[in-house]
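Here's the structure we're looking at; comments come further down.
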């Protein structure tokens, strides 16, 4: 049903002020060291003209991955494009980090010690630190918790963490925040010591927090870094529930444990509450449940999940970290490296809606996974060419200020969010998302500047249009000008599937 959205020039109720580093990102440990990550989809799969082959055994998802060399974190193009995004946190973590050994003096001769999976060299880490410094970032990391570090019945060993902390401080880029272990509640997949339990995690988490606070008191403790620890009704909707491919059995399939089990008995408290949020699982992992079909990605149920999760985790934040921020330390199109359409315009409405909805619920950070790898990266692996989502969040950061206002409830064709203007002028910047199949009418209260985003003729477009003009780098890798069109007070039409920023 066609909708009419009426924007206001004043009088909106203020909700909160948000963190300037809201839009942050992951540089996975596997990107720093080199390692296995999700295979790229074929061009035909990205276009939707070739179906992704059905994988029936989610236990063998390793055959959906491939080896990637380390990304060049000293690359000028990467640094330049990343710096354009503005202030951000850089998170170096992921499942790969749970099993990484730091060999900063070369004593292993390149041989991975028993119980670990890969090596981080000093040069690789220094290069990452230089990148963080160059883009004006703050650094969040997690540490190894695997059989090479300790057995399940032994306490976690602090030696490797001390090496990473001290090397970073010596290089002038301290570790600003830490998570203990990436996704420790996914006991079957996170590489933890054999027989490791939630009680073991609680023991080791206390050791970890005491170690950090005693030796590096300026570092924030973030946790518990869980994935999929959500209420039954949310999990049952994962993947579209009855409409799509239900995800209700995923928690038992992955042997997940709860946040309460992980840190409920801990004596040492966290500073920031963290969780991972994906709307569902990509085609690669569809066998485990939780995959949304393409025809549902603009549906109300699909777009509602970010806000549902934020509201749920607010209750856990209040329990374990009252007054602290909530950080989504992994987010993106879908678990297992993103859907076939993750690199296209089709994922832009979800990305912008997540930012808009999340900021109406809480203050904190969303770490997009990833900056420059897999199909959901802001930048394409290897070439660092920007994808539609990169330009979408670039516009968000340039236009949406830190004060959030209440626009009321959202509905199909009329997802509306309002912030202060980034330029500091009086008025608002509105984000309007038309997730319907019909045109939405937008009533402007005064003359406005409009930034209308669409695909190039289709949702699965690899190029996004701004006011009808394609967004791409020029031959010198310079960003295009992100110019608005001037609109007079009155009505304007927003096409089906389009997103628009209106500065009034």
Identify, from the list 188, 202, the residue that is part of a loop (DSSP other than H, G, I, E, B) and more than 19 Å from residue 91 (Cα to Cα). 188
Only one of 8, 17 is modelled with pLDDT of 95 or more, surrounded by fewer than 20 Cβ atoms within 10 Å (Cβ to Cβ) and under 28 Å from residue 179 (Cβ atoms); which? 17
If you go through 442, 432, 463, the only one that is in contact (Cβ under 8 Å) with a residue 40 or more places away in the chain and over 22 Å from residue 401 (Cβ atoms) is 463
Failed condition for residue 57, given (1) touching a strand residue (DSSP E or B) at 6+ places or on another chain (Cβ under 9 Å); (2) surrounded by fewer than 20 Cβ atoms within 10 Å (Cβ to Cβ); (3) farther than 26 Å from residue 432 by Cβ: (1)
Kindly check whether there is at least one residue in segment 482-491 that is touching a residue at least 40 places away in the same chain (Cβ under 8 Å), in contact with a helix residue (DSSP H, G or I) (Cβ under 6 Å, 6 or more places away or on another chain) and on the phi > 0 side of the Ramachandran plot. no
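Check segment 471-484 and report whether any residue there is assigned to a strand (DSSP E or B) and modelled with pLDDT of 95 or more.
Of segment 471-484, the ones assigned to a strand (DSSP E or B) are none.
No, the conditions are met nowhere in segment 471-484.
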Can you find even one residue in segment 103-112 that is more than 30 Å from residue 417 (Cβ to Cβ), part of a strand (DSSP E or B) and more than 23 Å from the chain's Cα centre (by Cα)? yes
Of the criteria (1) assigned to a helix (DSSP H, G or I); (2) without any contact (Cβ under 8 Å) to a residue 60 or more places away in the chain; (3) closer than 28 Å to residue 409 by Cα, which one residue 301 fails: (2)
Checked against (1) in a loop (DSSP other than H, G, I, E, B); (2) closer than 30 Å to residue 260 by Cβ; (3) under 22 Å from the mean Cα position of the chain (by Cα), residue 139 satisfies every condition except (1)
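Among the residues of segment 348-377, how many are over 19 Å from residue 310 (Cβ atoms) and in a helix (DSSP H, G or I)? Steps first, please.
Within segment 348-377, the subset over 19 Å from residue 310 (Cβ atoms) is 348, 370-377.
Still in the running and in a helix (DSSP H, G or I): 348.
Matching residues across segment 348-377 total 1.
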Only one of 346, 334, 342 that is closer than 23 Å to residue 396 by Cβ and modelled with pLDDT under 95: 334
Search segment 295-321 for residues being over 20 Å from the mean Cα position of the chain (by Cα) and over 25 Å from residue 141 (Cβ atoms), and hand back the single one that is surrounded by the most Cβ atoms within 10 Å (Cβ to Cβ). 296
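Given the residues 94, 110, 115, 106, which is the only one that is touching a strand residue (DSSP E or B) at 6+ places or on another chain (Cβ under 9 Å), at positive phi and crowded, with 18+ Cβ neighbours inside 10 Å?
On the way: 110 fails: crowded, with 18+ Cβ neighbours inside 10 Å; 115 fails: crowded, with 18+ Cβ neighbours inside 10 Å; 106 fails: crowded, with 18+ Cβ neighbours inside 10 Å.
On inspection, the qualifying residue turns out to be 94.
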Name the pairs: first residue in segment 345-361 and more than 18 Å from residue 330 (Cα to Cα), second residue assigned to a helix (DSSP H, G or I), Cβ to Cβ under 7 Å, at least 6 apart or on different chains? 345/388
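Does residue 144 fit the bill of being farther than 19 Å from residue 71 by Cβ and touching a helix residue (DSSP H, G or I) at 6+ places or on another chain (Cβ under 8 Å)? Working first, answer last.
Numbers: farther than 19 Å from residue 71 by Cβ: yes; touching a helix residue (DSSP H, G or I) at 6+ places or on another chain (Cβ under 8 Å): yes.
It is true that residue 144 is farther than 19 Å from residue 71 by Cβ and touching a helix residue (DSSP H, G or I) at 6+ places or on another chain (Cβ under 8 Å).
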Of the residues in segment 269-280 that are assigned to a loop (DSSP other than H, G, I, E, B) and touching a strand residue (DSSP E or B) at 6+ places or on another chain (Cβ under 6 Å), the one that is surrounded by the most Cβ atoms within 10 Å (Cβ to Cβ) is 270
For segment 407-463, give me the residue count where each residue is assigned to a loop (DSSP other than H, G, I, E, B), exposed (fewer than 15 other Cβ atoms within 10 Å of the Cβ) and over 25 Å from the mean Cα position of the chain (by Cα). 10
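Is one or more of the residues making up segment 281-291 without any contact (Cβ under 8 Å) to a residue 60 or more places away in the chain and surrounded by fewer than 20 Cβ atoms within 10 Å (Cβ to Cβ)? Spell out the reasoning first.
Taking segment 281-291 first, the residues without any contact (Cβ under 8 Å) to a residue 60 or more places away in the chain are 281, 289-291.
So of that shortlist, the ones also surrounded by fewer than 20 Cβ atoms within 10 Å (Cβ to Cβ) come out as none.
Within segment 281-291, none of the residues are without any contact (Cβ under 8 Å) to a residue 60 or more places away in the chain and surrounded by fewer than 20 Cβ atoms within 10 Å (Cβ to Cβ).
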Can we say residue 174 is in contact (Cβ under 8 Å) with a residue 40 or more places away in the chain, over 19 Å from residue 30 (Cα atoms), in a loop (DSSP other than H, G, I, E, B) and more than 28 Å from the chain's Cα centre (by Cα)? no
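Among the residues of segment 378-396, write down those that are more than 11 Å from residue 501 (Cβ to Cβ) and not in a loop (DSSP other than H, G, I, E, B). Before the answer, list the steps.
Quick first cut of segment 378-396, residues more than 11 Å from residue 501 (Cβ to Cβ) only: 378-391, 393-394.
Passing the criteria: 379, 386, 388, 389, 390, 391, 393, 394.
The values are calculated or read from the model by the stated rules, or taken from the named source; none is laboratory data. Bear in mind the structure is a predicted one, so any value in this text is a computation, not a measurement. Note that each Cβ is placed from the backbone with ideal geometry, even for glycine, and that neighbours are counted across all protein chains shown.
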